[in-house]
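Q: Sharing a structure, written as structure tokens. Questions coming.
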Amino acid sequence: MKKITAAGLNLHYGTFHALIDVSLGIEPNKITAMIGPSGCGKSTLLRVFNRMNDAIEGVRVAGNVELDGENILAYRDDEAIDILRRKVGMVFQRPNPFPLSVFENVAFGMRIHKLARGRELEDRVAESLKAVLLWDALKDKLKRSALSLTLEQRQRLCIARLIAVTPDVILLDEPCSSLDPVATLKIEELMLELKKRYTIIIVTHNMAQAARVSDETGFMLLGRLVEFGETSRIFTAPQAKETEEYITGRYG
Amino acid sequence: MKSRTAQRIAFAVLLAVSCVVFLPVVSIFVILVKEGGGALTPEFLFTMPSEGMRSGGILPAIIGTLLIVVCAIAVTLPVGVLAAIYLNEYAKDNLLTRVIRLAIVNLAGVPSVVFGLFGLALFVMMLNLGVSVIAGALTLSIMELPSIITTSRNALSSVPASFREVSLSLGVSRWRTIRHVVLPNAVPGILTGAILSLARIAGETAPILFTAAAFYVTRLPHSLSDQVMALPYHLYIISTQIPNMPSKLTYGTALTLVLLVFLMSLAAIILRIIFRRRKKW
């Protein structure tokens, strides 16, 4: 059973048709990469899955997007959307920890959602930091400001903050675009570790990254999903001409 | 003329103009300190006036001003911050919000004496509050509302959008995002604006003229419905209505008022420095 399926998904920003008839299925516990040139709609698609486009004025979405068999586009009240966002978490392009301590960053969601307190909260903060492989480096520096960390550590911290609220799906919106190559590799290792427990969708500019980490890849162009399939096949035997041109670096 | 010479002349002119701004501040301080500095004794600051205000202290005016100003800010700050939250975080750009924005701009342009008359009509007479601390404070609070709303909105919109985005993406509702993420990071800006407002309304005369201020009161205020003396009004009276007023006391009163306002501004500046050092985004 697919974790997420989209069928006949169309999205307009005002008069701009940003997603055109997108249909796909996301496998659970796999990494799905969305690639394509800037403005192709891959980030917009990602933000459909946690309804983050709702905040933008003038956005209209039509079609069917199901998470575990439930149409998330049908959610009307804010509470249902808040619950959806706890299930489908997001990591952003720029590491964006709050100007709080390391501990308070990870504890943020758990405190607000009243998931844990006291001893249990401390344990779960530790667990989340272990999951993103930050615990050994930071266990004695939990009271330090998160803004004193390196960019890579900050991005890890943001992932820890997210998994602390126990999502099912993690959306990564070009998570490595502000990191250097070494840090990028480390985050990729982390993704491979995380996919054992979470379904991961990553939007990336970096084709090598998609080839390295993902199990399945979708190529988007001008709002359309041109091709979708197993990563090894997409990169070795693309069926569409546009895909081939893009991955061989002829444009984008 | 060579362009470098032109540049030098232009800079010199700009510098001179900037100094013109600086000059009045300094000269006001120098004159006030020279003429009234000697009057600033503990007795002057902490005792009641005597001999028809020609000697003794100005304690009731100081207390009256502080009381009015604190009450005014206590009313205007919550209202202004809530309005700012609505306008900045919730409101869409529609007819209603445009009307509200227009109202704020216009409210800021109303002359203060008009606020005084408005306060007299509404609070003193219609709502029957009488000439009192509370009527004066309410009048000032309405006058200060536009500035509180504007500074609070600026403080809110200076909180990075990414903070809101992350919080929402973690399934935190909009209200809780505002409450737990946006507001804490906007508090420094809001507080600074509030203190500066405090400083500004401390010196206002016209709005309290008909609503709160008394020519002379023999005792300190006991409740918010008492009439009080206030520094700016007291200054006006002793400089125009009382014959043979020792000028030292007049200048001393002016200096006290200026120092009070200056201390408030200083507090705002210090607060801003402290908060700025803490935030690093």
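The values are calculated or read from the model by the stated rules, or taken from the named source; none is laboratory data. The shown structure was predicted, so the numbers you read here are calculated from the model rather than taken from an experiment. Heads up, the Cβs are rebuilt from the backbone with ideal geometry, glycines too, and the neighbour counts pull from every protein chain shown. Side chains included, ligands, DNA and RNA excluded: accessible areas come from the protein's heavy atoms. Shrake-Rupley method; radii C 1.70, N 1.55, O 1.52, S 1.80 Å.
Q: Taking the Cα centre of the protein assembly as shown as origin and charging only Cβ (+1 Lys, Arg; -1 Asp, Glu), how large is the dipole, in debye to the nearest 20?
A: 1060
Q: A further question on this structure: Can you tell me which lysines have their Cα less than 23 Å from the Cα of A:Lys3? Leave out same-chain residues fewer than eight positions away.
A: Result set, ordered by chain and number: A:Lys30, A:Lys42, A:Lys87, A:Lys195, A:Lys196.
Q: Quick one: compute the contact order of region B:59-278, relative version, from alpha carbon pairs under 8 angstrom and 6+ residues apart, as a percent.
A: Dividing the mean separation by the residue count of region B:59-278 yields 30 percent.
Q: Hey, rough spin-label estimate for B:Ile63 and B:Lys248, points 7 angstrom out along Cα→Cβ, what's it come to in nanometres?
A: 2.5
Q: Let me ask something additional. Would you work out which of A:Leu172, A:Thr44, A:Ile112 lies farthest towards the positive end of the dipole of chain A, given +1 charges on the beta-carbon of Lys and Arg and -1 on that of Asp and Glu, about the Cα centre?
A: Among A:Leu172, A:Thr44, A:Ile112, the one farthest towards the positive end of the dipole of chain A is A:Ile112.
Q: Per the 1.4 Å probe, what fraction of the accessible area of the protein assembly as shown, in percent, lies on carbon and sulfur atoms?
A: On the way: 15800 of 25920 Å².
Roughly 61 percent, rounded to a whole number.
Q: Taking 0.36 nm per intervening residue step and subtracting the Cα-Cα distance, what contour gain separates A:Arg76 from A:Leu133 on full extension?
A: In short, 16.8 nm is gained.
Q: Just to be sure I understand the model, the point goes 7 Å from the Cα along the line to the Cβ. What's the resulting A:Asp54 to B:Leu96 distance in nm?
A: Label-label distance for A:Asp54 and B:Leu96, simple model: 2.0 nm.
Q: Tell me which aspartates and glutamates have Cα within less than 16 Å of A:Lys186's Cα, excluding those fewer than 8 residues away on the same chain?
A: Output for A:Lys186: A:Asp136, A:Glu152, A:Glu174.
Q: Assigning unit charges at the beta carbon (Lys, Arg +1; Asp, Glu -1) and nothing else, what dipole magnitude in debye, to the nearest 20, does region B:59-278 show about its Cα centre?
A: 680
Q: May I ask for the Rg/Rh ratio of region A:4-247, computed from Cα atoms with Rh as the Kirkwood radius, given to two decimals?
A: 0.97
Q: For region B:59-278, build the charge dipole from Cβ charges (+1 Lys, Arg; -1 Asp, Glu) around the Cα centre, then report which of B:Leu209, B:Val181, B:Ala84 sits farthest towards its positive end.
A: With unit charges placed on the Cβ atoms, the residue in question is B:Val181.
Q: Something else about it: Please sort through the DSSP H helices of chain B and keep those with an alpha-carbon extent of at least 24 Å along the long axis and a Kyte-Doolittle average not below 1.0.
A: What comes out of the filter, once short or polar helices are dropped, is B:3-36, B:59-85, B:133-157, B:183-202, B:247-278.
Q: As a test of the definition: which semi-axes, in Å, follow for region B:1-84 when you take the square root of five times each eigenvalue of its alpha carbon gyration tensor? Largest first, please.
A: In descending order the semi-axes read 43, 27, 7 Å.
Q: Once you charge only the Cβ atoms, +1 for Lys and Arg and -1 for Asp and Glu, what is the size of the charge dipole of region A:35-149 about its Cα centre, to the nearest 20 debye?
A: Charge dipole, region A:35-149, about its Cα centre: 400 debye, nearest 20.
Q: How big is the gap, in Å, between the Cα center of region A:151-193 and the Cα center of region B:159-224?
A: So the two Cα centres are separated by 39 Å.
Q: While we're looking at this one, here's another question. Projecting each Cα onto the charge dipole of chain B (Lys/Arg +1, Asp/Glu -1 at the beta carbon, about the Cα centre), which of B:Phe11, B:Pro246, B:Leu122 comes out farthest on the positive side?
A: Of B:Phe11, B:Pro246, B:Leu122, it is B:Phe11.
Q: Could I ask something else about it? Run the quick spin-label model on A:Thr248 and B:Val30: label points 7 Å from Cα toward the beta carbon, then report their separation in nm to one decimal.
A: 8.2
Q: Going 7 Å from the Cα of B:Arg278 along its beta-carbon direction, which residues of region B:181-202 have the amide nitrogen within less than 15 Å of the resulting point?
A: Only B:181-193 fall inside the zone, counting backbone N under 15 Å.
Q: With a/c under 1.5 counting as rounded, go ahead and sort the protein assembly as shown into rounded, prolate or oblate using the C-alpha gyration tensor (a ≥ b ≥ c being the square roots of the eigenvalues; past the cut-off, prolate if a/b is larger than b/c, else oblate).
A: Because a/c hits 1.5 or more and a/b exceeds b/c, the protein assembly as shown counts as prolate.
Q: A further question on this structure: In a Debye calculation with equal point scatterers on the alpha-carbon sites of region B:57-136 and no solvent, what is log10 I(q)/I(0) at q = 0.14, 0.25, 0.27 Å⁻¹?
A: So the normalised log intensities are -0.66, -1.20, -1.22.
Q: At 1.002 mPa s and 20 °C, plugging the Kirkwood radius over alpha-carbon pairs of region B:59-278 into Stokes-Einstein gives what diffusion coefficient in µm²/s?
A: Values: Rh = 18.8 Å.
The Stokes-Einstein estimate is 114 µm²/s.
Q: What GluC sites (Glu not before Pro) in region B:1-70 are in a loop by DSSP, with at most 11 other Cβ atoms within 10 Å of the Cβ? Intermediate results must be reported in sequence, preceding the final value.
A: Details: sites: B:Glu35, B:Glu43, B:Glu51; in loops: B:Glu51.
Answer by residue number: B:Glu51.
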